[in-house]
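Each remark here refers to the structure printed beneath this line.
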Amino acid sequence: MAANPEFLIRAEVMLTESIIHDIFAPPVSSRIYMYASIAGYEAAIHGEKGYKSLVGQINGFEKVAQPEKGKEYCYPLASTRAFLSVGKKLTFAQELYEEFDKKLEEDYKATGIPDDVYERSIALGDSIAESVIKYSAKDNYKQTRGFRFTVTNEPGTWTPTPPAYMDAVEPFWTKIRPVGLDSSAQFQAPIPAKFDLTPGTPYYKEVMESYNTVKNLTNEQRDIANFWDCNPFKMNITGHAMFATKKMSPGGHWMGIVGQVSRQLKKTHVQVAEAFVLTSMSIFDGFISCWDEKYRSVRIRPETVINNSIDKKWIPILQTPPFPEYTSGHSTISSAAATVLTNIYGDNVAFNDSTEIPYGLPPRKFTSFKQAADEASISRLYGGIHFRPALDQGVIQGGKVAQQLLKKVKTH
């Protein structure tokens, strides 16, 4: 029972709840998931031969606390504790964890684990978490807080979008230390089409495709757009009142898929820890690569172009997120996550994705991780928040990021 991965999967769900509560932007969420997953993995690998530490494999990760030789530990417990300890350190809503921690302790004690092994395993989890927090402190996150993006108002460049006209999110994310990439610009996307609204130009065709897609949506396409919305902070306006609804981020959606599929395939604790860490690292690097391009090309969103030049009344199905258009973040990180998961679990794993049930959306069936990633990508066109090249290039970019990670990091 103590080796049951259910504890770690529950911890990931708990962390997602905390991230949603605190309304972290998608790139920031990916950072929280990744460091928690690194800690969970580093503790889990002591319980099974043949797994390799990430020390010396990912950028800047030089040491991590180790168990004492000759002492008995429950490594799945240490792993779950390490995951949660890092998650707590990087989120704000500490009170959310109180009930969860109590229940987790009760459930572990019910497995018959001796008190000394329990205490020792908890202490190991905490010391591994501390090593990972030290590692996280050097990734430039603190140094990039508080900077704002300056809007230039040059034709074709991004400006804030309705209804809240929020500032651009994480304009300096490109300065964050990646784990597998050599640099944020390693997989630079091609230069997007020149901003030119003359009928017949490549750019005009992109704009009209987005415009007409939203005007002629089928019910299925609308369902797909809503299923993959993953907007952590949607502003709703009713008359003069404005209120926000909170949801999981794109990275949270994919971490949820990892938990569901790992459960379905009856994976062991260390296998689940491995899937979480590789997926979260690919998503983290995916955001760095994508954000590098977003703030290089600073592309205008469909809503702005269409309202300014084609149809004042046109409204996208999804709320436009507050950052530049090219490339698509969801396309990039979904492709990265699917590439890694295909590598770990195979290319024909059919699964029911029930991640969005808490938001009132029915599950969707997929025949493979790639099919899910492709649907996540096209959902942005259906939602009216992207042009097609941002999706296509995002998928390519995410695939390259994941391949680079898999080449660099060996877990066995």
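The values are calculated or read from the model by the stated rules, or taken from the named source; none is laboratory data. Worth saying up front: this structure is predicted, and the values here are computed from it rather than measured. Here the Cβ is made from the backbone with ideal geometry for all residues, glycine too, and neighbour counts use every protein chain on show. Ligands, DNA and RNA are stripped out before the accessible areas are found, and what is left, the full protein with its side chains, is counted by its heavy atoms. Shrake-Rupley method; radii C 1.70, N 1.55, O 1.52, S 1.80 Å.
Along the axis of the charge dipole computed for the chain (Cβ charges of +1 for Lys and Arg, -1 for Asp and Glu, origin at the Cα centre), the listed residues 74, 251, 210 are led at the positive end by 210.
The share of alpha-carbon pairs in the range 229-351 lying farther apart than 21 Å comes to 52%.
Its Cα centre serving as origin, the chain has a Cβ charge dipole (Lys and Arg +1, Asp and Glu -1) of approximately 760 debye. When Rg/Rh (Cα atoms, Kirkwood Rh) is calculated for this entry, the matching label among [x] 1.11; [y] 0.99; [z] 0.96 is [y].
Distances between every pair of Cα atoms in the range 180-282, grouped in 10 Å steps from 0 to the bin holding the largest one, split as 11, 20, 30, 27, 10, 1 percent. Calculated mean residue ellipticity, 222 nm, the chain: -17500 deg cm²/dmol, from DSSP H runs (n ≥ 4) at -39500 (n - 2.57) each, averaged per residue and rounded to 500.
Within the shell defined by Cβ-Cβ distances under 12 Å, the residues around residue 170 carry a net charge of +3, with Lys and Arg each +1 and Asp and Glu each -1. In the range 87-139, a dipole from Cβ-located charges (positive for Lys and Arg, negative for Asp and Glu) runs towards its positive end, and of 135, 118, 91 it is 135 whose Cα lies farthest in that direction. The angle separating the long axis of helix 269-297 from the principal Cα axis of greatest extent in the chain is about 30 degrees.
Across the options 376, 366, 290, the greatest Cα extent toward the positive end of the charge dipole of the chain (unit charges at beta carbon of Lys, Arg, Asp, Glu) belongs to 290. Using only the alpha-carbon atoms of the range 1-156 as identical scatterers, what base-10 log of I(q)/I(0) does the Debye formula give at q = 0.09 Å⁻¹? Results for the range 1-156 at q = 0.09 Å⁻¹ read -0.33. Of the trypsin sites (Lys or Arg not before Pro) found in the range 383-412, those in coil by DSSP whose Cβ has at most 11 other Cβ atoms within 10 Å are 410. Counting protein heavy atoms only, the range 66-171 has 52 percent of its accessible area on carbon and sulfur, 1.4 angstrom probe. Straight-line cross-link reach from residue 294 at under 16 Å between alpha-carbon atoms covers these aspartates and glutamates, not counting any fewer than eight positions away in the same chain: 154, 167, 170, 285, 325, 392. If you take every residue apart from residue 371 with its C-beta less than 15 Å away from the C-beta of residue 371, what net charge results, scoring Lys and Arg +1 and Asp and Glu -1? It works out to a net charge of -2.
If I fit a long axis through the Cα atoms of helix 388-408 and take the longest principal axis of the Cα atoms of the chain, what angle between them do I get, 0 to 90°, rounded to 10? Tilt of helix 388-408: around 20 degrees.
Principal axis analysis of the Cα atoms in the range 365-412 yields extents of 42, 25, 11 Å, listed in decreasing size. The alpha-carbon atoms of the range 257-298 define a convex hull whose volume equals 53 cubic angstrom per residue.
Between the C-alpha center of the range 25-98 and that of the range 385-411 there is a gap of 25 Å. Computed over protein heavy atoms with a 1.4 Å probe, the accessible surface of the range 80-137 works out to 48 Å² per residue.
Once the Cα atoms are used to define both axes, helix 202-215 deviates from the longest principal axis of the chain by about 80 degrees.
Evaluated on the range 107-265, the Kirkwood hydrodynamic radius is 21.6 Å, with distances taken between all distinct Cα atoms. Only Cα pairs under 8 Å and 6+ residues apart enter the sum, and on that basis the relative contact order of the range 166-278 stands at 11 percent. Cα-based radius of gyration for the range 268-412, normalised by 2.2 N^0.38 Å, reads 1.13. Going down the table (215/370; 312/370; 88/109; 89/408), which pairs top 25 Å between alpha carbons? Flagged as over cut-off: 215/370; 312/370; 89/408. Distances between placed amide hydrogens fall under 5 Å for residue 159 paired with 301, all partners being 5 or more residues away or on another chain. Filter the chymotrypsin sites (Phe, Trp or Tyr not before Pro) in the range 251-330 to those in DSSP coil with at most 12 other Cβ atoms within 10 Å of their Cβ, and list the result. The qualifying sites: there are none.
Shape analysis of the range 34-109 based on the Cα gyration tensor places the equivalent ellipsoid semi-axes at 23, 18, 9 Å, largest first. Restricting the range 23-117 to trypsin sites (Lys or Arg not before Pro) that sit in a DSSP loop and have at most 15 other Cβ atoms within 10 Å of their own Cβ leaves 49, 52, 63, 69, 71.
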